[in-house]
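Read-outs throughout are calculated quantities, based only on the coordinates presented, and are distinct from any laboratory measurement. No experiment lies behind these values; they were computed from the predicted model shown.
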């Protein structure tokens, strides 16, 4: 039991430590991280399409593609959450429904199941909110560029695009972080190894590398 709890803590600490480091690095080196750079990219894109007549259809189509991606991720999180609840309902009821306040049935496996459910729920909420903001941004992007309404809502549209992108990023990230929890449920040591592998992979995705235009010349 001690070894399983130790493996559970190590699995969670690996992921939490990396996310904390990423949060600090995002404030200190914003231009080196993909999250902040891509957020600025979306803002610049919306500002650019807001300056050219005839770009309304292109803006709406681009936002619709992003909305569909967020919708698919939200649907995936919802299906995974429903399936996980079905599989863990009996163990959750047995532990939290026990008369003993100490919950003698509360095991490392059950703790990781709760973490898994929490990540899936957070992913669902984040992606659903991303859909909401992409939907609002689509209305703004569909307004004629030279209209007074477009100018009045331009700042809001830029903010919506930025928020939607960040929320979609968080939702997708939380969905990926479910993998170490699932691996732990299969075997405690598998959770530790999968958490290390996930952090290494995320470190590559989170790092922004600008394309060198002179490369290959």
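Going by alpha carbons, how many degrees (0 to 90, nearest 10) lie between the helix axis of 2-28 and the longest principal axis of the chain?
Long axis of 2-28 versus the principal axis of the chain: about 20 degrees.
By how many degrees, between 0 and 90 and to the nearest 10, does the Cα long axis of helix 108-141 differ from the longest principal axis of the chain?
Approximately 10 degrees, to the nearest ten.
Relative contact order for the chain: what is it in percent, counting Cα pairs under 8 Å that are at least 6 residues apart?
It comes to 34 percent, rounded to a whole number.
What number, rounded to the nearest 500 deg cm²/dmol, is the helix-based mean residue ellipticity at 222 nm of the chain, given -39500 (n - 2.57) per DSSP H run of at least four residues and division by all its residues? Kindly include the intermediate steps, with their values, before the conclusion.
Details: 7 runs with 175 residues, N = 217.
It comes out at -28500 deg cm²/dmol, rounded to the nearest 500.
Compute the long axis of helix 56-96 from its Cα atoms, compare it with the longest principal axis of the Cα atoms of the chain, and write down the angle in degrees, 0 to 90, nearest 10.
10 degrees
Take the Cα pairs of the chain, get the Kirkwood Rh, then feed it into Stokes-Einstein at 20 °C and 1.002 mPa s and tell me D in µm²/s.
Rounded to a whole number, D works out at 109 µm²/s.
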